[in-house]
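Report on one structure; see the data block that follows.
The values are calculated or read from the model by the stated rules, or taken from the named source; none is laboratory data. Keep in mind that this is a model prediction, so the values were computed, not measured. We place every Cβ from the backbone using ideal geometry, glycine too, and count neighbours over all the protein chains shown.
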Amino acid sequence: MADQDKHGGAGGEEARVRSILTSAHDAYISMDVEGRITEWNPAAERTFGWTSDQVLGKTVADTLIPPAMREAHWSGLRRFLETGGGPLLGRPVEVTALRRDGTEIPIEITITAMPNGERWDFHAFARDISGRHRRDRHRAAQQAVAETLAESVDAEQAMERVLPALCTTLGWEFGEFWVAHGPEGRFECRATWQAPGLELEEFERTTRELELGPDEGLVGYVQRSGRIAWLRDFGDEVDLPRAALARRQGVRGAVAVPLRRDGDVVGVIGLLSTEIRPEDPEVTEVLAAVALQAGEFIGRRLAEEEAERVKDEFFSLISHELRTPLTSILGYTELLVEAEGEELSDQARRFVEVIERNARRELRLVIDLLLLTRIEAGTFRVAIEAIDLAAIVREAAEVARPLAERAGITLEVEIGDVPVAAGDLERLGQVVDNLLSNAIKFTPRGGRVSLRLERVGERVVIEVADTGIGVPDAAVEHLFDRLFRTEEAERLQIQGTGLGLTIVKAIVDAHDGDIEVESAEGEGMVIRIALPLLSENGRSRALSRQSEDATR
Amino acid sequence: VSEASRGTVLVADDDADILDLVSMRVERLGFDVIRAANGAEALELARTGKPDLLILDVLMPEVNGFEVLKRLRAEEDARQVPALILTATIQDEQVARDYGIQPDGYMRKPFTAAALSAQIDRLLA
């Protein structure tokens, strides 16, 4: 009890200091050179759980310092006594302190050393900053979720990313994302996350396969009540679908958060822990704020994706309906020629050829129209894979050759040695088909159309050049407009819809490619398309575009 | 003079003309054909007829082609039978992924005899 008259003041002065320390909001502790506690105010009692009677005379090391840091404490004290200085003195620092109940809390502490005769006294003011830490963590959680949502391209990705963002900032070990699914309003788990090092594979797998109705499980309860629900110990609630599994895998505390949009619960986020988790009102508040953001985002994206799916389904149906009769017309025409062979008269052969040619023309039109509809509806996607452009170009040339021959046009094909490119096989075939049929259409009898494929630097270039009617300078920039037709094409009554190049442009754009046009009226046209090679980089970029709308 | 059969192919399509067309094509390639006019029939006949190859239309009422394939793939006997899907849209490949199944090939409608033959050769090689 080093209560000497250290400040040299009278008894009244000392009483005043004592009363200040007693009523101080911060914990006040003093320590002698042996590391023993000599003063301990009521705030210290509240902060650390020990009364002054219990700690006076004991060492600070044994009372307040977590075992792992005790050695550092002693060596710091020794160093001070040798040198008269120390890194922690005279300024507020954040350290971890031990409470009587064994828990550790972050504190901010300011230690000063004061000479006391031949010896030193150490005085410290400390405050529990776990509240501040918690608030920082809570802010970090909200911010992480907001950033995650802003960066996600679709609901799937947002769900995958929100879970680790929430779990790591709020200290949960397992996250699950449930969304409404189907007409009965059942919930299915669309994303899960578990902290590294955890072995919850079985729990995760079971969760992914689970579907919960409005009365089932914590998820169902939250869905019905629309309120955040805490479970202190998940494994104890025997009614829950995963209770036995949770017990076996050591999953305990849980909280389930409803995500709402326009009043409806569109999703539920579940956070789980291997520790018992009593309800924490502050965390509830954070989760409510997060739920507001995430509910709006996920709800909107899911609704958009559903609308898109319905549109897609409709287009698939239309496509099927339009293609099915053409399949029969073309298939039976082919079968007729094959089956009757020699029996067919020259005239019958010619008739069949007309049927086939026109069916193919109709097919091209159907394909173009369907694609255009998709582009306009924003549901056009390319499926990027490693493709052999040489094969695509060769095939398109095969299809175009009879057309060119009929039109009295020479078709020249030059296929260079090109590496594998990144692209959509079918759609790029459509591009070359369209370019060739255009070139043939706008080139008078006796003209020439040439198709070239070559590598230029890090790109593959497809070039279609013709000796046709060309377009005036002013028209070049409109070539890719929907339904654009040149006056010359109208005057010459050249058939066409003005859709071909619009589609070419949309497909090339979706591939991150470029189009270049050179033309002059009456002097033919050259269209050059440059596509990226299949590099790791190019591939991932192209792949990521699949999920974006490739509208122009 | 018919040669030895190359095997049995189950063809399923709810459009009678296309069912006939594909069946005739496949017969001309030297196979015996089991014809199914819809998905339910396809399931039934695939179980009893032990085909070596399935050619399935996607868009059939009630049980569609992917559903047929999904159910058959869950059965021990039919698991290994290769399947060629007749499709009218590129989006079907995404739909198949959503179903969690992987057909062995796709035949976009309309198709030429040569393309169909090449696909069958590839699947039964």
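Exactly one residue among A:Ala195, A:Ala165 is of a type in the set (Gly, Ala, Ser), in contact with a helix residue (DSSP H, G or I) (Cβ under 7 Å, 6 or more places away or on another chain) and crowded, with 20+ Cβ neighbours inside 10 Å, and that residue is A:Ala165.
Yes/no matrix, rows are residues, columns are (1) buried (at least 16 other Cβ atoms within 10 Å of the Cβ); (2) outside any loop (DSSP other than H, G, I, E, B); (3) over 11 Å from the mean Cα position of the chain (by Cα); (4) not aromatic (Phe, Trp, Tyr):
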{"site": "A:Gln142", "(1), (2), (3), (4)": "yes, yes, yes, yes"}
{"site": "A:Thr148", "(1), (2), (3), (4)": "yes, yes, no, yes"}
{"site": "A:Phe177", "(1), (2), (3), (4)": "yes, yes, yes, no"}
{"site": "A:Pro183", "(1), (2), (3), (4)": "no, no, yes, yes"}
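Taking the stated definitions as given, is A:Glu385 surrounded by fewer than 18 Cβ atoms within 10 Å (Cβ to Cβ), of a type in the set (D, E, K, R), over 28 Å from B:Arg28 (Cβ atoms) and away from chain B (no Cβ under 11 Å)? Criteria not met by A:Glu385.
So that you can scan it fast, the table gives a plain yes or no per residue for (1) more than 20 Å from B:Phe111 (Cα to Cα); (2) among the polar types (S, T, N, Q); (3) at pLDDT 90 or above:
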| residue | (1), (2), (3) |
| --- | --- |
| A:Arg357 | no, no, no |
| A:Ile375 | yes, no, no |
| A:Ile387 | yes, no, no |
| A:Ala390 | yes, no, yes |
| A:Glu398 | no, no, no |
| A:Leu411 | yes, no, yes |
| A:Glu414 | yes, no, yes |
| A:Arg455 | yes, no, yes |
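Taking strands (runs of 3 or more DSSP E) as the structural unit, those lying wholly within the range A:387-493 and holding at least 1 residues that are of a type in the set (Val, Ile, Thr) and more than 41 Å from the chain's Cα centre (by Cα) correspond to A:410-415, A:448-456.
Can you work out which of the residues in the range B:33-69 that are in contact with a helix residue (DSSP H, G or I) (Cβ under 7 Å, 6 or more places away or on another chain) and assigned to a loop (DSSP other than H, G, I, E, B) is farthest from B:Gln119 (Cα to Cα)? Among those residues, the one meeting the criterion is B:Glu62. Residues in the range A:87-101 that are in contact with a strand residue (DSSP E or B) (Cβ under 9 Å, 6 or more places away or on another chain) and touching a residue at least 12 places away in the same chain (Cβ under 8 Å): A:Leu88, A:Leu89, A:Gly90, A:Arg91, A:Pro92, A:Val93, A:Glu94, A:Val95, A:Thr96, A:Ala97, A:Leu98, A:Arg99.
Of the candidates B:Leu21, B:Leu54, the single residue that is crowded, with 17+ Cβ neighbours inside 10 Å and in contact (Cβ under 8 Å) with a residue 40 or more places away in the chain is B:Leu54. Here the condition is being at pLDDT below 90 and within 14 Å of chain B (Cβ to nearest Cβ); of A:Glu304, A:Glu282, A:Glu321, it holds for A:Glu321 alone. The set of residues in the range B:60-69 that are touching a residue at least 40 places away in the same chain (Cβ under 8 Å) and within 14 Å of chain A (Cβ to nearest Cβ) comprises B:Met60, B:Pro61, B:Gly65. Listed by position, the strands (runs of 3 or more DSSP E) contained in the range A:20-100 that have at least 3 residues being at pLDDT 90 or above and within 46 Å of the chain's Cα centre (by Cα) are A:93-98.
Taking the criterion of being in contact (Cβ under 8 Å) with a residue 24 or more places away in the chain, outside any loop (DSSP other than H, G, I, E, B) and within 12 Å of chain A (Cβ to nearest Cβ), the residues of the range B:70-95 that qualify are B:Leu86, B:Thr87, B:Asp92, B:Val95. Could you pull out the residue among A:Ile392, A:Ile375, A:Ile329, A:Ile367 that is over 29 Å from A:Arg459 (Cα atoms), touching a residue at least 24 places away in the same chain (Cβ under 8 Å) and out of contact with any Cys (no Cβ under 7 Å at 6 or more places or on another chain)? Being over 29 Å from A:Arg459 (Cα atoms), touching a residue at least 24 places away in the same chain (Cβ under 8 Å) and out of contact with any Cys (no Cβ under 7 Å at 6 or more places or on another chain) holds for just one of A:Ile392, A:Ile375, A:Ile329, A:Ile367, which is A:Ile329.
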